[in-house]
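One structure is given here, and the rest of the page talks about it.
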Protein chains: 2
Amino acid sequence: MALIVHKYGGTSMGSTERIRNVAKRVAKWARAGHQMVVVPSAMSGETNRILGLAKELMPNANTAAAMRELDMIASTGEQVSVGLLALALQAEGMEAVSYSGWQVPIATDSSYTKARIESIDDQRVRADLAAGKVVVITGFQGVDANKNITTLGRGGSDTSAVAVAAAMKADECLIYTDVDGVYTTDPRVVPEARRLSTITFEEMLEMASLGSKVLQIRSVEFAGKYRVPLRVLSSFTPWDIDINEEAKSGTLITFEEDTNMEQAVVSGIAFNRDEAKVTLLGVPDKPGIAYQILGAVADANIEVDVIIQNVSHDGKTDFSFTVHRNDYSRALDLLQNKVGPDTGAAQVLGDAKICKVSIVGIGMRSHVGVASKMFRALSEEGINIQMISTSEIKTSVVLDEKYMELAVRALHKAFDLDAPAAA
Amino acid sequence: MALIVHKYGGTSMGSTERIRNVAKRVAKWARAGHQMVVVPSAMSGETNRILGLAKELMPNANTAAAMRELDMIASTGEQVSVGLLALALQAEGMEAVSYSGWQVPIATDSSYTKARIESIDDQRVRADLAAGKVVVITGFQGVDANKNITTLGRGGSDTSAVAVAAAMKADECLIYTDVDGVYTTDPRVVPEARRLSTITFEEMLEMASLGSKVLQIRSVEFAGKYRVPLRVLSSFTPWDIDINEEAKSGTLITFEEDTNMEQAVVSGIAFNRDEAKVTLLGVPDKPGIAYQILGAVADANIEVDVIIQNVSHDGKTDFSFTVHRNDYSRALDLLQNKVGPDTGAAQVLGDAKICKVSIVGIGMRSHVGVASKMFRALSEEGINIQMISTSEIKTSVVLDEKYMELAVRALHKAFDLDAPAAA
C-alpha cells in the first residue's frame, strides 16, 4: 500500500463523461489498496471564460486589489472540478471528499495571480485517508495569512500536486497529461525521438526551461527540492488498463543517478526559436561595462538569456546577448538610441532569425569531449555556430533559425538517441 | 451617513453590462456618503448550469457526503459574482473588496443545501467600511464549524443580505428585484392592484407564506427577528435615478404599527391554487383521532396546510385538510387504504380543483367584523366557501378553483384596495 497523488489536466476534466473516466481510474488505484489524493485542474476553457468576463469589466487588472479579485474569480474553476470529481467517485461507490486550497489549508504568500506555496497542513487530509476516503484537492490555489484566496499562476495545478505530494511524503506523484512522457526531443522534428523511461530532475529542469512544455517548471523545481518522485504519463490510456502496466508507463523523474545503469551521456535535445540576438560591436572595455549594458536592459524589464562577451583587443570588446523575440524591437531600440551612444559602442547589430539548440544530460558532468562532439556534428552538416553557452549538464548553441531542424536531427543521431529504448 | 446593504438578484448580475450598472448604482450610494455592503446573487443561469453537471454525475445526490459536494460546487456561482462586481466597482474608481461566506465568516450549521445561519463576525467587514471600501459579500452560502462550505438553499441570497444587515445593525437593507414592490394583490389578476409603500413584517410574512413570491420567506423571518428595515424595490430603474427618489421607492417592510397613519384594515389579498383537499366523513370521534389521522400523514412526509374538524354528532365527526397538489394522490391513497379503514371512517373524499384565497392585514387585530365582511363579499358573488381558517392577521377560505380570480377581485374591491395610493 502506497500513498499516491494523481494530477489530471483540464482536458481530462473537460466533460462529465471524462470526469467519470477519471473517477474510474482513481477508483481502480484505490481498490488496489493505495491511499489516493487527486488534484484536478479546472474543466478546460472554464478559467479562460470567467477571466474573460473579468477582463471585460477591467481590461488592465494590475493593482493588488484587482488581482485579488481575479484570484477570487479564477479559483472557482478548480472548486467546481473537485466537487464534480468527488461526486463521480461517490457514484463509483468510493468514499470521497473535496477540499479547496483554504480548507486544507495550502498556505501561500500574498502575491496574487502568482503566489508561492509556503506550507501545507496535511492533518485533515491524512485523517480522511486513514478513514478510507479518496481526497480531492483543488490545484492552482491557496490562501494567504489574511484568509485571502490566491492562485499560483497558469499551470499551477502541477505545482499544487507536487507540493501536496511533498508535504505528505507521497510515494509517487503521477501527472496525467496529453503526452505519454518526456521524449529525447520533439517527435514532430525527429520521428526517431523516443520516450525516456527515466530522467533526472536536473535534466528535466533544463529541458523544461529550454521549452519542453510537458511540465510547469516550478513543479519540477518543487519536486527537486523535496525529492518527490514524479511521473509524467498519458491520460489517454483506457481507465481499465492493467494497473501494473500503468504504474510503469510514462517517464519517471528521479533524483538518483543510477550508476549501475548504462547512463546515456546526453538525455535529450531541446530547442526553441523564441529568441533574438543583439550585439554591440567595439565597446570600450572597462570595468563595469557589462553592468552598464545589462543594467539598462534590466531596467527596461527585458529578460536576457544567453550572454557572450568576447576577449578584448585594442581595448575594445564585442558584447552579444539574446532576448525573447517579443522584446526584440524594444531591446534594439534601447541599444541604438541609448546604451550604444552611452557606452561609445562602434556599432549595434540585431538578428531575430536565430534559434537555440541545446544538449542536456547529467552524464556531461563526468564525461569530457561532449561539447566538442556537438560542435563536430554541427560542423559536418555545415552549420555555423553564432554563440555558445554552457552549464554543468547542458550546452547550448545559437544558430541561424533555418538550421534548427537539421541541427536537432544531427545531434539526436550523434548522441545515439535514435536507438530503441533500453527498458 | 448610513450603513446600507444592497442585494441584487441573478438577473441584475446577468451580464458584464448589467454588473457595470449595478456597480454604478452602488457607487452613487457610496458617493452620497453611505457605507455600502452589497450581496449579489450568482449570474442568472449559472447555478443551474453547474448543478446540472453534478446531476449528470449523480442523479440523486441525497447523502450528506454528496450534498456537501453540491454546496462546494453551487457556492462558486456567487464567488464569481462578488469578484466581478468588486472589479466593476474598482473600474468605477471605488475601493472595493469581495468576500466569500467563509471569509467573513458567515457561520452556519452543517445542513448542506439548506443550512441555517448561526452567526456573522462583522469585524473584517467593519474595518473595510471604516477604511472607505465598498464590501461585496457572497449570498447563499456560509461555512460550518468544520470549515465545510454550506449553502442556504434557493433564494438564500435574500436571507444572507438580511442576516448581514442584522449583524451589522444596518440602517436599511434594500432588496433590488424584478418587481417594484409588494402589491395589494397580483396585478395580473386585479389590474387595479396597487403597490404598498409600507407593509408590516407580519403581514409580509403571511403574504410570502401564502404564495407571494417577492421575497424568500426565511429572509422575512430573519428581518422580523432582528428588526431589519427591509425595502423591496425595482432593479430596472436607471442607475442614475435621483438617490432620494430611489430611497423612497418600492415597499418598506416595517416593524411599527404606525397609529398616526390611516391604516387599512386589510393590506393585501393572497391566493394560490397549489393545494388539494381530502376529507374523511363519519369518523368515530374519540380522543386522539386527529393525531391518528395527521400522524400517519406526517409519517408519509406529506405537509398539511388548512385543517378543519367539524363538531361531532352521533359520536361521528368529519375531518378535512389540504395538502400540496403534488402530494394529493399519495395522500388520497393513504386515506383510502390505511387511515380510513384504521379509523373506521365511513367515506373518503378528495378534490384537487380548489384554491385558497386570503385577506391579510395587521388591522384585523383591532377591527371586528372583517371576516364577516369577507364572507358577505363572496356570498354576493355567489361563491360557496368550502373551508375557513383564521389567524390573528389573516383569514383564508378554500373555494372551488374556478372562482379564484372572481373572489380575489371581489375582495380587493370590498376592502377598498382599488383606491389610489395615499402616499
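The values are calculated or read from the model by the stated rules, or taken from the named source; none is laboratory data. Quick caveat: nothing in here was measured; it's all calculated off a predicted structure. FYI the Cβ positions are ideal-geometry reconstructions off the backbone, even for glycines, and counts take in every protein chain you see. The area values use the complete protein model at the heavy-atom level, side chains included, leaving out ligands, DNA and RNA. Shrake-Rupley method; radii C 1.70, N 1.55, O 1.52, S 1.80 Å.
Is it fair to say A:GLU69 is open to solvent by 10 Å² or more (accessible area, probe 1.4 Å) and either more than 22 Å from B:LYS147 (Cα to Cα) or within 11 Å of chain B (Cβ to nearest Cβ) (or both)?
So A:GLU69 does not fit the description; no.
Cβ-Cβ under 6 Å, sequence separation 6+ or interchain: first residue in the range B:398-423 and surrounded by fewer than 17 Cβ atoms within 10 Å (Cβ to Cβ), partner hydroxyl-bearing (Ser, Thr, Tyr) and modelled with pLDDT under 95. Which pairs?
Here the result reads B:ALA423/B:SER197, each pair linking the range B:398-423 to a residue that is hydroxyl-bearing (Ser, Thr, Tyr) and modelled with pLDDT under 95.
Quick check on the range A:324-334: of everything there that is of a type outside the set (Ser, Thr, Tyr) and either at pLDDT 95 or above or in a helix (DSSP H, G or I) (or both), which residue is farthest from A:GLY282 (Cα to Cα)?
A:ASN326
Restricting to the range B:335-361, name every residue that is part of a helix (DSSP H, G or I) and not hydrophobic (A, V, I, L, M, F, W, C).
B:GLN336, B:ASN337, B:LYS338, B:GLY340, B:PRO341, B:ASP342, B:THR343
Any idea how many residues of the range A:125-139 are assigned to a helix (DSSP H, G or I) and either surrounded by fewer than 22 Cβ atoms within 10 Å (Cβ to Cβ) or charged (D, E, K, R) (or both)?
Matching residues across the range A:125-139 total 5.
Hey, among the residues in the range B:140-170 that are of a type outside the set (Gly, Ala, Ser) and under 21 Å from B:GLU203 (Cα atoms), which one's surrounded by the fewest Cβ atoms within 10 Å (Cβ to Cβ)?
Looking at the filtered set, the residue picked out is B:THR159.
List pairs: first residue in the range A:273-301 and free of Cβ contacts under 8 Å to residues at least 60 places away in the same chain, second residue outside any strand (DSSP E or B) and among the hydroxyl-bearing types (Ser, Thr, Tyr) anywhere in the structure, Cβ distance under 9 angstrom, at least six positions apart or on different chains.
The qualifying pairs are A:ASP285/A:SER312; A:ILE289/A:THR343; A:GLN292/A:THR343; A:ILE293/A:THR343.
When the residues of the range B:101-110 are narrowed to those that are facing chain A (nearest Cβ under 9 Å) and touching a strand residue (DSSP E or B) at 6+ places or on another chain (Cβ under 7 Å), which ends up farthest from A:GLU56 (Cα to Cα)?
The extreme case among them is B:PRO105.
I'd like the full set of residues that are at the interface with chain B (Cβ under 7 Å from one of its Cβ atoms) and part of a helix (DSSP H, G or I), limited to the range A:83-99.
Selection gives A:GLY83, A:LEU84, A:ALA86, A:LEU87, A:ALA88, A:GLN90, A:ALA91.
So A:PHE222 clears everything in (1) within 16 Å of A:ILE199 (Cα to Cα); (2) without any contact (Cβ under 8 Å) to a residue 60 or more places away in the chain; (3) in a helix (DSSP H, G or I); (4) of a type outside the set (Ser, Thr, Tyr) except one condition, right? Which one?
(2)
Within the bounds of the range A:239-253, is there any residue that is part of a loop (DSSP other than H, G, I, E, B) and open to solvent by less than 10 Å² (accessible area, probe 1.4 Å)?
Yes, some residue in the range A:239-253 is part of a loop (DSSP other than H, G, I, E, B) and open to solvent by less than 10 Å² (accessible area, probe 1.4 Å).
Can you give me the number of residues within the range B:2-27 that are within 21 Å of the chain's Cα centre (by Cα) and either within 14 Å of another protein chain (Cβ to nearest Cβ) or without any contact (Cβ under 8 Å) to a residue 40 or more places away in the chain (or both)?
Residues in the range B:2-27 being within 21 Å of the chain's Cα centre (by Cα) and either within 14 Å of another protein chain (Cβ to nearest Cβ) or without any contact (Cβ under 8 Å) to a residue 40 or more places away in the chain (or both): 2 in total.
What residue, among those in the range B:260-295 that are within 20 Å of B:PHE415 (Cβ to Cβ) and surrounded by fewer than 12 Cβ atoms within 10 Å (Cβ to Cβ), is modelled with the highest pLDDT?
Out of the qualifying residues, it is B:GLU262.
Taking the stated definitions as given, is A:MET13 in a helix (DSSP H, G or I), among the hydrophobic types (A, V, I, L, M, F, W, C) and assigned by TED's automatic domain parsing to the domain that holds A:GLU245?
When the stated conditions are applied, A:MET13 does not pass them.
Output the number of residues of the range B:28-54 satisfying the condition of being away from chain A (no Cβ under 14 Å) and closer than 19 Å to B:SER98 by Cβ.
8
In this structure, does B:ASN310 turn out to be touching a Phe, Trp or Tyr at 6+ places or on another chain (Cβ under 9 Å), free of Cβ contacts under 8 Å to residues at least 12 places away in the same chain and either farther than 30 Å from B:LYS373 by Cβ or in the same structural domain as B:LYS394 (by TED's automatic domain parsing) (or both)?
So B:ASN310 passes the test.
Among the residues of the range B:143-161, write down those that are more than 14 Å from chain A (Cβ to nearest Cβ) and either assigned to a strand (DSSP E or B) or under 16 Å from B:TYR99 (Cα atoms) (or both).
B:SER157, B:SER160, B:ALA161
Keeping to the range A:276-315, report how many residues are in a strand (DSSP E or B) and either closer than 21 Å to A:SER391 by Cβ or among the hydrophobic types (A, V, I, L, M, F, W, C) (or both).
Residues flagged as in a strand (DSSP E or B) and either closer than 21 Å to A:SER391 by Cβ or among the hydrophobic types (A, V, I, L, M, F, W, C) (or both) within the range A:276-315 amount to 12.
Out of all the residues in the range A:183-192, is one or more in a strand (DSSP E or B), open to solvent by less than 40 Å² (accessible area, probe 1.4 Å) and touching a residue at least 12 places away in the same chain (Cβ under 8 Å)?
no
Please pick out the residue among B:ASP305, B:ASP333 that is acidic (Asp, Glu), open to solvent by 20 Å² or more (accessible area, probe 1.4 Å) and over 30 Å from B:SER267 (Cβ atoms).
B:ASP333
Look through B:GLY350, B:GLY315, B:GLY340, B:GLY344 and report the one residue that is in contact with a strand residue (DSSP E or B) (Cβ under 7 Å, 6 or more places away or on another chain), assigned by TED's automatic domain parsing to the domain that holds B:VAL398, on the phi > 0 side of the Ramachandran plot and surrounded by 13 or more Cβ atoms within 10 Å (Cβ to Cβ).
B:GLY344
Pairs under 6 Å by beta carbon, first residue more than 13 Å from B:VAL408 (Cα to Cα) in the range B:368-384, partner surrounded by 14 or more Cβ atoms within 10 Å (Cβ to Cβ), six or more apart or different chains?
B:VAL370/B:VAL265; B:VAL370/B:MET364; B:ALA371/B:THR395
Residues to consider are B:GLU78, B:GLU95; find the one that is within 27 Å of the chain's Cα centre (by Cα), assigned by TED's automatic domain parsing to the domain that holds B:GLY155 and either open to solvent by 10 Å² or more (accessible area, probe 1.4 Å) or within 19 Å of B:ALA23 (Cβ to Cβ) (or both).
The conditions single out B:GLU78.
Can you name the residue in the range B:55-66 that is polar (S, T, N, Q) and more than 8 Å from chain A (Cβ to nearest Cβ) and is also surrounded by the most Cβ atoms within 10 Å (Cβ to Cβ) among such residues?
B:ASN62
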